[in-house]
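Working notes, beginning with the structure itself.
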Amino acid sequence: MRSLPKPAFNAADVLNACIASIRDASLSGKLTVVANNVVLSETDYLMRGVGMTLYTVAPSDGIAGVLTTAEMRRVYAATFVKSVRTRSMYDALKAAPRNDVCPLCAQRTVSTLDHYLPQTIHANLIIVPINLVPACAECNKGKLDHQPNSEVEQGFHPYFDNFDDAQWLSAEVIEGAPAALRFSVSAPPGWPPAKSARAEAHFKSFRLGELYSSHSGVELNNIRFSLERISHKGTADDIRAFLADRAESARRAYLNSWQTATYQALALSDWFCEGGFLT
Ligand SMILES: [Zn+2]
(Lines give C-alpha, C1' and ligand atoms only; values in the text may rest on other atoms or scores of the structure.)
Protein backbone atom coordinates (compact mmCIF):
# COMPACT_ATOMS: atom_id res chain seq x y z
CA MET A 1 0.00 0.00 0.00
CA ARG A 2 2.13 2.81 -1.33
CA SER A 3 1.05 6.43 -1.60
CA LEU A 4 1.38 8.36 -4.84
CA PRO A 5 1.35 12.08 -5.66
CA LYS A 6 -1.98 13.25 -7.06
CA PRO A 7 -2.15 13.45 -10.88
CA ALA A 8 -0.68 16.65 -12.35
CA PHE A 9 -3.70 17.21 -14.63
CA ASN A 10 -7.43 17.18 -14.08
CA ALA A 11 -10.75 16.13 -15.60
CA ALA A 12 -10.97 19.29 -17.73
CA ASP A 13 -7.61 18.48 -19.35
CA VAL A 14 -8.76 14.93 -20.14
CA LEU A 15 -12.17 16.11 -21.40
CA ASN A 16 -10.70 18.74 -23.73
CA ALA A 17 -8.22 16.28 -25.21
CA CYS A 18 -10.92 13.60 -25.63
CA ILE A 19 -13.40 16.02 -27.23
CA ALA A 20 -10.70 17.15 -29.68
CA SER A 21 -9.87 13.53 -30.54
CA ILE A 22 -13.32 11.98 -31.03
CA ARG A 23 -14.40 11.88 -34.70
CA ASP A 24 -18.02 10.92 -33.95
CA ALA A 25 -19.62 14.40 -33.82
CA SER A 26 -22.63 13.16 -31.86
CA LEU A 27 -20.45 11.61 -29.15
CA SER A 28 -18.07 14.57 -28.87
CA GLY A 29 -21.11 16.87 -28.72
CA LYS A 30 -22.63 14.89 -25.86
CA LEU A 31 -19.27 14.90 -24.06
CA THR A 32 -19.15 18.69 -24.38
CA VAL A 33 -22.64 18.94 -22.87
CA VAL A 34 -21.76 16.81 -19.82
CA ALA A 35 -18.26 18.24 -19.32
CA ASN A 36 -19.38 20.48 -16.46
CA ASN A 37 -21.06 17.55 -14.67
CA VAL A 38 -17.79 15.61 -14.86
CA VAL A 39 -15.77 18.56 -13.51
CA LEU A 40 -18.23 19.00 -10.63
CA SER A 41 -17.98 15.29 -9.83
CA GLU A 42 -14.21 15.64 -9.72
CA THR A 43 -14.46 18.56 -7.26
CA ASP A 44 -16.82 16.55 -5.06
CA TYR A 45 -14.47 13.53 -5.23
CA LEU A 46 -11.46 15.64 -4.21
CA MET A 47 -13.35 16.97 -1.18
CA ARG A 48 -14.59 13.55 -0.04
CA GLY A 49 -11.20 11.95 -0.71
CA VAL A 50 -9.47 14.12 1.89
CA GLY A 51 -11.44 12.49 4.72
CA MET A 52 -11.84 9.21 2.79
CA THR A 53 -15.62 9.38 2.66
CA LEU A 54 -15.65 8.32 -1.00
CA TYR A 55 -18.12 5.57 -0.06
CA THR A 56 -20.72 8.38 0.15
CA VAL A 57 -20.28 9.39 -3.52
CA ALA A 58 -23.66 8.74 -5.16
CA PRO A 59 -23.71 6.22 -8.06
CA SER A 60 -24.49 7.64 -11.50
CA ASP A 61 -26.04 5.53 -14.26
CA GLY A 62 -25.05 7.60 -17.30
CA ILE A 63 -24.45 11.35 -17.04
CA ALA A 64 -27.27 13.90 -16.84
CA GLY A 65 -29.48 11.77 -19.07
CA VAL A 66 -27.24 12.78 -22.01
CA LEU A 67 -24.41 10.23 -22.09
CA THR A 68 -24.87 6.56 -21.19
CA THR A 69 -22.41 4.58 -19.07
CA ALA A 70 -21.60 2.46 -22.15
CA GLU A 71 -20.78 5.59 -24.18
CA MET A 72 -18.53 6.94 -21.43
CA ARG A 73 -16.75 3.59 -21.21
CA ARG A 74 -16.21 3.82 -24.96
CA VAL A 75 -14.68 7.29 -24.52
CA TYR A 76 -12.30 5.82 -21.95
CA ALA A 77 -11.31 2.66 -23.85
CA ALA A 78 -11.31 3.92 -27.44
CA THR A 79 -10.17 7.52 -26.94
CA PHE A 80 -8.51 8.18 -23.57
CA VAL A 81 -6.43 4.99 -23.65
CA LYS A 82 -5.61 5.09 -27.36
CA SER A 83 -5.64 8.54 -28.93
CA VAL A 84 -2.41 10.44 -29.57
CA ARG A 85 -3.64 13.51 -27.66
CA THR A 86 -4.57 11.62 -24.48
CA ARG A 87 -2.15 8.70 -24.44
CA SER A 88 0.53 10.78 -22.71
CA MET A 89 -1.88 11.41 -19.82
CA TYR A 90 -2.77 7.73 -19.58
CA ASP A 91 0.93 6.84 -19.63
CA ALA A 92 1.78 9.50 -17.02
CA LEU A 93 -0.79 8.03 -14.59
CA LYS A 94 0.60 4.54 -15.15
CA ALA A 95 4.21 5.68 -14.77
CA ALA A 96 3.74 7.41 -11.40
CA PRO A 97 4.91 4.55 -9.12
CA ARG A 98 8.62 4.23 -8.51
CA ASN A 99 10.11 1.27 -10.38
CA ASP A 100 6.64 0.52 -11.81
CA VAL A 101 5.59 -1.21 -8.60
CA CYS A 102 1.81 -1.58 -8.13
CA PRO A 103 0.75 0.63 -5.18
CA LEU A 104 -1.99 -1.81 -4.15
CA CYS A 105 0.18 -4.91 -3.60
CA ALA A 106 3.63 -3.23 -3.49
CA GLN A 107 5.05 -6.19 -5.39
CA ARG A 108 3.93 -6.79 -8.97
CA THR A 109 4.45 -4.51 -11.98
CA VAL A 110 1.89 -1.92 -13.07
CA SER A 111 0.10 -2.89 -16.26
CA THR A 112 -3.14 -0.91 -16.26
CA LEU A 113 -5.24 1.78 -14.57
CA ASP A 114 -7.84 0.74 -12.03
CA HIS A 115 -11.04 2.73 -11.45
CA TYR A 116 -11.07 3.20 -7.66
CA LEU A 117 -14.83 3.78 -7.76
CA PRO A 118 -15.94 1.33 -10.47
CA GLN A 119 -16.88 2.48 -13.96
CA THR A 120 -20.04 0.35 -13.99
CA ILE A 121 -21.41 2.34 -11.03
CA HIS A 122 -19.91 5.83 -11.49
CA ALA A 123 -20.22 6.94 -15.13
CA ASN A 124 -19.21 10.51 -14.33
CA LEU A 125 -15.87 9.37 -12.83
CA ILE A 126 -14.73 7.11 -15.69
CA ILE A 127 -12.21 9.59 -17.13
CA VAL A 128 -11.51 11.58 -13.95
CA PRO A 129 -7.74 11.22 -13.26
CA ILE A 130 -8.01 11.23 -9.45
CA ASN A 131 -10.19 8.08 -9.72
CA LEU A 132 -7.62 6.30 -11.92
CA VAL A 133 -5.04 4.33 -9.97
CA PRO A 134 -2.09 2.49 -11.53
CA ALA A 135 -2.34 -1.22 -10.75
CA CYS A 136 -1.00 -4.62 -11.72
CA ALA A 137 -3.28 -6.94 -13.69
CA GLU A 138 -4.01 -9.19 -10.72
CA CYS A 139 -4.96 -6.38 -8.32
CA ASN A 140 -7.14 -4.88 -11.03
CA LYS A 141 -8.82 -8.20 -11.81
CA GLY A 142 -9.27 -9.25 -8.20
CA LYS A 143 -11.11 -6.06 -7.31
CA LEU A 144 -14.82 -6.51 -7.84
CA ASP A 145 -17.11 -3.80 -9.22
CA HIS A 146 -18.24 -3.08 -5.72
CA GLN A 147 -19.45 0.15 -4.18
CA PRO A 148 -18.03 0.44 -0.64
CA ASN A 149 -20.84 0.96 1.85
CA SER A 150 -18.81 2.20 4.80
CA GLU A 151 -15.45 3.76 5.61
CA VAL A 152 -13.85 0.44 6.49
CA GLU A 153 -14.96 -1.21 3.24
CA GLN A 154 -12.81 1.23 1.26
CA GLY A 155 -9.56 -0.24 -0.03
CA PHE A 156 -6.30 1.69 0.10
CA HIS A 157 -6.38 4.83 -2.07
CA PRO A 158 -2.83 5.79 -3.17
CA TYR A 159 -3.73 9.46 -3.81
CA PHE A 160 -5.36 10.10 -0.42
CA ASP A 161 -4.12 7.51 2.07
CA ASN A 162 -0.78 7.34 3.83
CA PHE A 163 -0.25 3.94 5.43
CA ASP A 164 3.51 4.41 5.77
CA ASP A 165 3.39 6.70 8.78
CA ALA A 166 4.05 3.62 10.93
CA GLN A 167 4.98 -0.03 10.49
CA TRP A 168 1.91 -2.23 10.13
CA LEU A 169 3.29 -5.23 8.23
CA SER A 170 4.81 -7.93 10.39
CA ALA A 171 5.92 -11.50 9.87
CA GLU A 172 6.49 -14.56 12.01
CA VAL A 173 8.77 -17.48 11.31
CA ILE A 174 7.10 -20.84 10.83
CA GLU A 175 9.55 -23.37 12.25
CA GLY A 176 9.35 -26.13 9.68
CA ALA A 177 11.28 -27.83 6.91
CA PRO A 178 11.80 -25.62 5.06
CA ALA A 179 11.39 -22.51 7.21
CA ALA A 180 8.64 -20.16 6.01
CA LEU A 181 7.04 -16.85 6.94
CA ARG A 182 3.50 -15.87 7.78
CA PHE A 183 2.52 -12.21 7.31
CA SER A 184 -0.11 -10.18 9.10
CA VAL A 185 -1.25 -6.64 9.82
CA SER A 186 -0.22 -5.39 13.26
CA ALA A 187 -2.15 -2.20 13.89
CA PRO A 188 0.24 0.57 15.02
CA PRO A 189 -0.73 1.97 18.45
CA GLY A 190 -1.48 5.49 17.18
CA TRP A 191 -3.82 4.45 14.36
CA PRO A 192 -7.57 5.04 14.58
CA PRO A 193 -9.53 1.72 14.56
CA ALA A 194 -11.04 2.47 11.12
CA LYS A 195 -7.58 2.87 9.54
CA SER A 196 -6.41 -0.43 11.04
CA ALA A 197 -9.60 -2.14 9.86
CA ARG A 198 -9.06 -0.79 6.34
CA ALA A 199 -5.44 -2.00 6.26
CA GLU A 200 -6.60 -5.42 7.45
CA ALA A 201 -9.41 -5.59 4.86
CA HIS A 202 -7.13 -4.47 2.01
CA PHE A 203 -4.46 -7.00 3.07
CA LYS A 204 -7.03 -9.81 3.01
CA SER A 205 -8.96 -8.90 -0.12
CA PHE A 206 -5.80 -8.44 -2.21
CA ARG A 207 -4.38 -11.69 -0.73
CA LEU A 208 -1.14 -9.98 0.24
CA GLY A 209 -0.29 -12.58 2.91
CA GLU A 210 -0.08 -15.36 0.31
CA LEU A 211 1.83 -13.13 -2.12
CA TYR A 212 4.45 -12.11 0.46
CA SER A 213 4.86 -15.66 1.83
CA SER A 214 5.63 -16.88 -1.66
CA HIS A 215 8.26 -14.21 -2.33
CA SER A 216 9.85 -14.56 1.10
CA GLY A 217 10.14 -18.32 0.49
CA VAL A 218 12.19 -17.59 -2.63
CA GLU A 219 14.30 -15.10 -0.67
CA LEU A 220 15.04 -17.67 2.05
CA ASN A 221 16.35 -19.99 -0.61
CA ASN A 222 18.46 -17.20 -2.10
CA ILE A 223 20.27 -16.37 1.17
CA ARG A 224 20.78 -19.96 2.31
CA PHE A 225 24.29 -20.23 0.89
CA SER A 226 25.38 -16.95 2.53
CA LEU A 227 24.00 -18.11 5.88
CA GLU A 228 25.74 -21.46 5.61
CA ARG A 229 29.00 -19.73 4.87
CA ILE A 230 28.64 -17.43 7.89
CA SER A 231 27.75 -20.40 10.13
CA HIS A 232 30.90 -22.33 9.11
CA LYS A 233 33.14 -19.73 10.75
CA GLY A 234 30.74 -17.87 13.01
CA THR A 235 27.95 -18.22 15.59
CA ALA A 236 24.20 -17.66 15.77
CA ASP A 237 24.97 -14.05 16.70
CA ASP A 238 26.84 -13.58 13.42
CA ILE A 239 23.82 -14.94 11.55
CA ARG A 240 21.59 -12.59 13.52
CA ALA A 241 23.85 -9.60 12.77
CA PHE A 242 23.72 -10.37 9.03
CA LEU A 243 19.91 -10.63 9.11
CA ALA A 244 19.51 -7.51 11.25
CA ASP A 245 21.66 -5.55 8.80
CA ARG A 246 19.48 -6.70 5.90
CA ALA A 247 16.37 -5.77 7.91
CA GLU A 248 17.67 -2.27 8.58
CA SER A 249 18.66 -1.77 4.95
CA ALA A 250 15.19 -2.92 3.77
CA ARG A 251 13.48 -0.77 6.42
CA ARG A 252 15.31 2.32 5.21
CA ALA A 253 14.21 1.57 1.65
CA TYR A 254 10.60 0.88 2.54
CA LEU A 255 9.05 0.55 5.99
CA ASN A 256 6.21 -1.81 5.08
CA SER A 257 7.80 -4.19 2.59
CA TRP A 258 7.72 -7.96 2.96
CA GLN A 259 11.53 -7.77 2.89
CA THR A 260 11.63 -5.56 6.00
CA ALA A 261 9.15 -7.78 7.85
CA THR A 262 10.93 -10.94 6.70
CA TYR A 263 14.42 -9.95 7.87
CA GLN A 264 13.11 -8.51 11.14
CA ALA A 265 11.32 -11.78 11.92
CA LEU A 266 14.33 -13.91 10.92
CA ALA A 267 16.72 -11.83 13.06
CA LEU A 268 14.39 -12.17 16.06
CA SER A 269 14.04 -15.94 15.69
CA ASP A 270 16.49 -17.90 17.88
CA TRP A 271 15.36 -21.08 16.14
CA PHE A 272 16.24 -19.70 12.70
CA CYS A 273 19.56 -18.11 13.73
CA GLU A 274 20.65 -21.27 15.58
CA GLY A 275 20.27 -23.46 12.52
CA GLY A 276 16.64 -23.29 11.38
CA PHE A 277 17.91 -21.89 8.08
CA LEU A 278 19.51 -25.30 7.37
CA THR A 279 16.20 -27.18 7.48
ZN1 LIG B 1 -0.87 -5.14 -7.48
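Confirm whether ASN140 is under 12 Å from the mean Cα position of the chain (by Cα) and either assigned to a helix (DSSP H, G or I) or modelled with pLDDT under 95 (or both). Yes: the conditions hold for ASN140.
Okay, residues lined up against (1) surrounded by fewer than 17 Cβ atoms within 10 Å (Cβ to Cβ); (2) part of a loop (DSSP other than H, G, I, E, B):
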| residue | (1), (2) |
| --- | --- |
| THR120 | yes, yes |
| ASP145 | yes, yes |
| TYR159 | no, yes |
| ALA166 | yes, yes |
| ALA177 | yes, yes |
| LEU181 | no, no |
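Return yes or no: is ASP114 surrounded by 15 or more Cβ atoms within 10 Å (Cβ to Cβ), of a type in the set (Asp, Glu) and within 16 Å of the ligand (Cβ to nearest atom)? When the stated conditions are applied, ASP114 passes them. LYS141 meets the conditions (1) more than 26 Å from THR56 (Cβ to Cβ); (2) away from the ligand (no atom under 16 Å from the Cβ) in every case but one. The failed one is (2). Looking only at the range 208-227, decide whether some residue is out of contact with any Leu (no Cβ under 9 Å at 6 or more places or on another chain), surrounded by 12 or more Cβ atoms within 10 Å (Cβ to Cβ) and β-branched (Val, Ile, Thr). Within the range 208-227, not a single residue is out of contact with any Leu (no Cβ under 9 Å at 6 or more places or on another chain), surrounded by 12 or more Cβ atoms within 10 Å (Cβ to Cβ) and β-branched (Val, Ile, Thr). ARG74 meets each of the listed conditions (1) farther than 12 Å from ILE130 by Cα; (2) of a type in the set (Lys, Arg); (3) not assigned by TED's automatic domain parsing to the domain that holds ASN131 apart from (3).
Scan the range 185-207 residue by residue and report those that are loosely packed, with under 14 Cβ neighbours inside 10 Å and of a type outside the set (A, V, I, L, M, F, W, C). Steps first, please.
Step one: filter the range 185-207 for residues loosely packed, with under 14 Cβ neighbours inside 10 Å, giving 189-190, 192-194, 204, 207.
PRO189, GLY190, PRO192, PRO193, LYS204, ARG207, listed by residue number.
Condition check ((1) within 16 Å of the ligand (Cβ to nearest atom); (2) in the same structural domain as ALA20 (by TED's automatic domain parsing); (3) not hydrophobic (A, V, I, L, M, F, W, C)) across all residues:
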| position | (1), (2), (3) |
| --- | --- |
| LEU40 | no, yes, no |
| PRO59 | no, yes, yes |
| ALA64 | no, yes, no |
| PRO103 | yes, yes, yes |
| THR109 | yes, yes, yes |
| ILE121 | no, yes, no |
| GLN147 | no, yes, yes |
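Please work out if LEU93 is in a helix (DSSP H, G or I), touching a strand residue (DSSP E or B) at 6+ places or on another chain (Cβ under 6 Å), among the aliphatic types (A, V, I, L, M) and under 18 Å from LEU132 (Cα atoms). For LEU93, the condition - in a helix (DSSP H, G or I), touching a strand residue (DSSP E or B) at 6+ places or on another chain (Cβ under 6 Å), among the aliphatic types (A, V, I, L, M) and under 18 Å from LEU132 (Cα atoms) - is met.
Could you check how many residues of the range 209-246 are closer than 14 Å to ALA171 by Cβ and of a type in the set (Phe, Trp, Tyr)?
We begin by selecting, within the range 209-246, every residue closer than 14 Å to ALA171 by Cβ; these are 209-217, 219-220, 243, 246.
Of the ones still in play, those that are also of a type in the set (Phe, Trp, Tyr) are 212.
Of the residues in that region, 1 qualify.
The values are calculated or read from the model by the stated rules, or taken from the named source; none is laboratory data. Note that the structure is predicted; figures quoted are calculated from it, not measured. Reconstructed Cβ throughout: ideal geometry from the backbone, glycine too, with neighbour counts over all protein chains shown.
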